[in-house]
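Asks: Structure in C-alpha cells, see below.
Computed from the coordinates by the stated procedures, all read-outs in this text should not be read as laboratory data. All values derive from a computational prediction rather than experimental measurement. Positions of Cβ are backbone-derived with ideal geometry, glycine not excepted, and every protein chain shown enters the neighbour counts.
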Amino acid sequence: MIQEVGPFTVAALDEAFERAASAQGRIERTFAIAGAPVRIAFAGRALEQGLWPALAHLEQRPGDAPPELTIKVLDEATSGIPVPGLGWTDHPDVTSPNAQVLLKAGSVRGWFEAGTGQVQVLDAEQRVALAAYRDARALTFFERAAPVRMILDAWVRRRGLHVVHAAAVGTEHGGVLIPARSGSGKSTTSLACVEAGFAFVGDDYVVLEHAPGGVPLVHSLYATAKLWPENGRKMLPGLAPGAPPGPEEKAVYFLHERHRGRLPSSLPLRAILLPAITGGAATRIRPASAVTALRVAAPSSVLIGEGHPEALAVLAALVRALPSYVLELGTDLGGVTDAIRGFLADLATKGER
Amino acid sequence: MSDKSFSVDRARAVSEILDGEAIVINMETGCYYSLANTAAAVWRLLLDNEGVSAATIARALAPAYDAPEDEVRSGVASLLADLEAEKLVATGAAPPRALSIAAPSAKQAFTRPVLERYTDMQNFLLVDPIHEVTEKGWPQVQ
C-alpha cells in the first residue's frame with residue numbers, strides 16, 4: 001500500500017517521474033549489490049551521467065528474474081516537471097542547510113535535504129524507491145560519489161547486511177577493511193592501492209556480510225573515492241579527479257573506467273587495518289587489539305544517519321573473527337602499498353600452515 | 001552514602017565488552033567511551049543488574065581487589081556520577097539487595113575506575129529527529 005511520507009507522497013513522486021521520463025527519455029541500468037539485482041531508471045541523460053559512474057562497475061545485464069528493487073530518479077530543472085515537496089523549507093527542526101530530515105510512514109522511509117533540495121524515498125515492501133533532485137546539472141559532490149545512498153543503505157540493511165563506514169581493498173589473497181576517521185589517511189591509502197593494482201571494493205561505505213562462524217565478506221557499493229584537493233595534488237599528483245571540486249568540496253575520483261577489472265563486487269576479508277599517519281617515511285604494520293579496532297571502527301558506522309546501534313555488535317563479532325593491525329603510514333606511498341601487499345601474502349602463508 | 005540506584009539507559013547507550021574493556025556509545029549525543037579494568041567490571045555489573053547502588057556494586061566487587069571496601073566504594077561512586085552526568089545510566093531509589101559474583105582466584109590491585117570520553121563523532125549526527133506522520137499532517141510546503 002502506497003503511503004504518504006511527509007509532503008512527498010510516493011504516488012505523486014512516481015507520477016512526476018513518469019512525466020519527466022516521458023519528456024526526457026528513460027534510461028535504465030541494472031546492477032547488483034551483494035548479488036541482488038537493482039534496476040535504476042533515470043529520467044534524462046543528465047541524471048544518468050551524474051549518478052551512474054559511481055555504480056557502473058556493478059552493472060549486470062538484466063536477467064530473467066525481476067529486480068529486487070527499482071529506483072526511479074528525476075530532477076525538476078532539466079525535466080521542467082515540478083517535484084512536490086522539494087521546496088519544503090518550513091520545518092521547525094531543519095536548522096541548517098545540510099540538515100537531513102528522516103521521515104517514516106509505515107514501511108516507507110524518506111530522507112529530505114532542505115539545503116540541496118533533494119529527497120530519497122524507499123518503499124521496501126513495494127520494492128520501489130524514488131530519488132528527486134532540484135537540478136541534475138548541480139548534483140553535490142557527495143551525491144555523485146555515493147548516489148542514492150540513503151535508499152541503498154536502508155535497502156541493504158533490510159536484507160540483513162550491514163553498511164560500514166570503511167574502505168576495503170585487496171589482492172589475490174583477500175581483502176583488508178580500513179575503518180577510519182576523515183584525515184587518518186584511509187582514502188589516500190585506498191586510492192594508492194588501486195593505483196598500484198589492488199582490487200578496490202570501496203573508500204567510504206561498504207557492505208559487510210558476516211554469518212556466524214563464516215568468512216566475513218565485503219561487498220561493493222561505489223567505485224569512487226574522495227580526497228581533499230590539496231591531499232590529492234600532494235599524494236597522487238598523476239591522478240585527476242572526475243570534475244574540479246568547488247570550494248569546500250572534496251575531489252571525487254571515479255574509478256570504473258581507469259580501473260576496469262580491478263573493481264570486484266565482493267572480497268573475503270582477512271584483516272582489519274587501522275591507519276595512522278606517523279610523519280615518517282617508512283610504513284609499518286603492527287598488531288592491534290580487537291578492542292582498539294572496535295573503538296576506531298564502530299562509532300562512525302553506529303552513528304551515521306539515523307543511528308544504527310545494532311552495528312556495534314556486528315563490528316564486535318568482526319573484530320573477534322579477524323586480526324587487527326595498526327597501519328603506520330609512511331609518506332612514501334609505494335612503501336604503503338608494498339607493505340599491505342606483503343602483509344596479505346604473509347597472512348595467507350601463515351593461514352596455510 | 002546515597003541510596004540512589006543506577007541502571008544502564010538502554011535507549012541511549014549501546015555497548016560491547018571485549019577483552020575486559022567496554023566500548024559504550026551514546027546514540028543521542030554521539031559521544032563514545034572506553035571503560036577498562038575496574039570501570040569495565042562496574043559496567044558489566046550494571047549491564048547484568050537493574051537498579052543497583054554504589055554500595056551494592058562495591059560490596060560485590062571488593063573481594064576481587066586488594067583494597068579496603070571504602071576505597072572501592074568511593075571509586076565506584078565517582079564513576080557512577082560520571083556515567084550519570086553523561087546520561088549513560090538512569091537513576092531511581094535503591095531497594096536493598098546484594099549481588100553475588102564468582103569469587104576471584106587472586107586479588108588484583110585496585111585502580112580507580114575511569115570513564116574515558118571521546119567526542120570526535122559528535123558532528124557526525126547529520127540527521128534531525130525522526131518524524132512520524134500524524135493525522136494532522138505536515139507543515140505546508142513553501
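Asks: Run the helix sum for chain A: -39,500 (n - 2.57) per DSSP H stretch of 4+ residues, divided by residue count, reported at 222 nm to the nearest 500 deg cm²/dmol. All intermediate terms of the calculation are to be shown ahead of the outcome.
Replies: Numbers: 9 runs with 100 residues, N = 353.
After summing the helix terms and dividing by residue count, I get -8500 deg cm²/dmol.
Asks: Looking at B:V24, A:P229, A:L255, which one has the Cα that reaches farthest to the positive end of the dipole of the protein assembly as shown (charges on Cβ: Lys, Arg +1; Asp, Glu -1)?
Replies: Checking the options against the dipole of the protein assembly as shown, the answer is A:L255.
Asks: Let me ask something additional. Dipole of the protein assembly as shown, Cα-centred, from +1 at each Lys and Arg C-beta and -1 at each Asp and Glu C-beta, to the nearest 20 debye?
Replies: Values: 46 positive and 55 negative charges, 214 e Å.
The dipole of the protein assembly as shown has a size of about 1020 debye.
Asks: Compute the acute angle (0 to 90°) between the alpha-carbon long axis of helix A:333-352 and the principal axis of greatest extent of the alpha-carbon atoms of chain A; round to the nearest 10°.
Replies: 80 degrees
Asks: For the stretch B:9-21, in order, what is each residue's ³J(HN,Hα) by Karplus, 6.51 cos²θ - 1.76 cosθ + 1.60 with θ = phi - 60°, in whole Hz (x at glycine and Pro)?
Replies: Each residue of the stretch B:9-21 in turn: 7, 6, 6, 9, 9, 10, 8, 9, 10, 9, 6, x, 10 Hz.
Asks: Name the residue, out of A:D204, A:D338, A:D14, whose mean-square fluctuation peaks in a Gaussian network model built on chain A with Cα pairs under 10 Å.
Replies: The residue with the greatest mean-square fluctuation here is A:D338.
Asks: Can you give me the pair-distance distribution of chain A, C-alpha pairs, 20 Å bins, whole percents?
Replies: It works out to 30, 57, 13, 0, in whole percents.
Asks: In a shell of Cβ-Cβ distance under 13 Å around A:S190, excluding A:S190 itself, what net charge do Lys and Arg (+1) and Asp and Glu (-1) give? Write out the running numbers ahead of the final one.
Replies: Details: positive: A:K186, A:K226, A:R262; negative: A:E195, A:D203, A:D204.
The answer is 0.
Asks: Let me ask something else. For B:D66 and A:R286, FRET efficiency with R0 = 41 Å and r from the beta-carbon atoms, rounded to 0.05? Don't skip to the answer; put the middle values down first.
Replies: Working: r = 33 Å, r/R0 = 0.81.
The value I calculate is 0.80.
Asks: Quick one: which residues, 5 or more positions from A:K72 or on another chain, have an amide H under 5 Å from its amide H? H modelled 1.01 Å from N in the peptide plane, none for Pro or chain starts.
Replies: A:A41, A:A129, A:L130, A:A131
Asks: Please state the shape class of the stretch A:40-190: rounded when a/c is under 1.5, otherwise prolate if a/b exceeds b/c and oblate if not, all from the C-alpha gyration tensor. Mind showing how you got there, number by number?
Replies: Values: a/c = 1.56, a/b = 1.32, b/c = 1.18.
Prolate shape, in that a/c is at least 1.5 and a/b is the bigger ratio.
Asks: Let me know the shape class of the stretch A:187-281, please: from the alpha-carbon gyration tensor, a ≥ b ≥ c as square roots of the eigenvalues, rounded when a/c is under 1.5, otherwise prolate if a/b is greater than b/c, or oblate.
Replies: Details: a/c = 2.06, a/b = 1.58, b/c = 1.30.
Here the stretch A:187-281 falls in the prolate category.
Asks: Stretch A:T30-A:A348 to full length: gain in nm at 0.36 nm per residue minus the Cα-Cα span?
Replies: Numbers: separation 318, 0.36 × 318 = 114.48 nm, distance 3.49 nm.
Stretched out fully, the A:T30 to A:A348 stretch lengthens by 111.0 nm.
Asks: Right, something else. Can you give the local net charge around A:G307? Use residues other than it whose beta-carbon is closer than 11 angstrom to its beta-carbon, Lys and Arg +1, Asp and Glu -1.
Replies: Spelling it out: positives minus negatives among the neighbours equals -2.
Asks: Once phi is turned into θ = phi - 60°, what whole-Hz ³J(HN,Hα) does the Karplus curve with 6.51, -1.76 and 1.60 give for every residue of the stretch A:120-129, x standing for Gly and Pro?
Replies: After applying 6.51 cos²θ - 1.76 cosθ + 1.60, I find 10, 10, 10, 10, 5, 5, 7, 6, 9, 9 Hz.
Asks: Rounded to the nearest 5, what % of DSSP beta bridges with both residues in chain A are antiparallel?
Replies: Working: 57 of 77 bridges.
The antiparallel proportion sits near 75 percent.
Asks: Select from A:F198, A:V218, A:V302 the residue farthest towards the positive end of the dipole of the stretch A:170-322; place +1 on Cβ of Lys and Arg, -1 on Cβ of Asp and Glu, and compute about the Cα centre.
Replies: About the Cα centre, the residue reaching furthest to the positive side is A:F198.
Asks: Collect residues whose amide H, placed 1.01 Å from N in the peptide plane, falls under 5 Å from the amide H of A:A34; neighbours closer than 5 in sequence don't count.
Replies: A:S220
Asks: Related question: In degrees between 0 and 90, to the nearest 10, how far off the longest principal axis of chain A does helix A:10-24 point, with axes built from Cα atoms?
Replies: Relative to chain A, helix A:10-24 is tipped by roughly 90 degrees.
Asks: Can you give me the pair-distance distribution of the stretch B:1-83, C-alpha pairs, 5 Å bins, whole percents?
Replies: 3, 15, 27, 25, 19, 8, 3, 0
Asks: Give, as a single signed number, the net charge of other residues whose beta carbon lies under 11 Å from the beta carbon of A:L274, with Lys and Arg counted +1 and Asp and Glu -1.
Replies: Details: positive: A:R181, A:K186, A:R286, A:R295; negative: A:E328.
Summing Lys and Arg as +1 and Asp and Glu as -1 gives +3.
Asks: Could you give each residue of the stretch B:78-89 its phi-based ³J(HN,Hα) in whole Hz, using Karplus coefficients 6.51, -1.76, 1.60 with θ = phi - 60°, and x for Gly or Pro?
Replies: Coupling constants for the stretch B:78-89: 5, 5, 4, 4, 5, 5, 5, 4, 8, 6, 8, 10 Hz.
Asks: Would you list which lysines come within 18 Å of B:K4, measuring only between C-alpha atoms, while excluding same-chain residues fewer than 8 positions from it?
Replies: B:K87
Asks: Here is a follow-up. So how many Lys-Lys pairs in chain A land under 17 Å Cα to Cα, not counting same-chain pairs under 8 apart? Please report the intermediate quantities before stating the final value.
Replies: Numbers: A:K186/A:K226; A:K186/A:K234; A:K186/A:K250; A:K226/A:K234; A:K226/A:K250; A:K234/A:K250.
Taking chain A as the scope, the lysine pair count is 6.
Asks: Explain nothing, just the number: relative contact order of the stretch A:278-331, from Cα pairs under 8 Å at least 6 residues apart, as a whole percent. Present the calculation step by step, with values, prior to reporting the outcome.
Replies: Details: 64 pairs, mean separation 35.0, N = 54.
It comes to 65 percent, rounded to a whole number.
Asks: Okay, next question. Rounded, prolate or oblate, given the Cα gyration tensor of the stretch A:302-353, with a/c below 1.5 counting as rounded? All intermediate terms of the calculation are to be shown ahead of the outcome.
Replies: Values: a/c = 4.14, a/b = 1.56, b/c = 2.66.
Oblate, since a/c reaches 1.5 and b/c is not below a/b.
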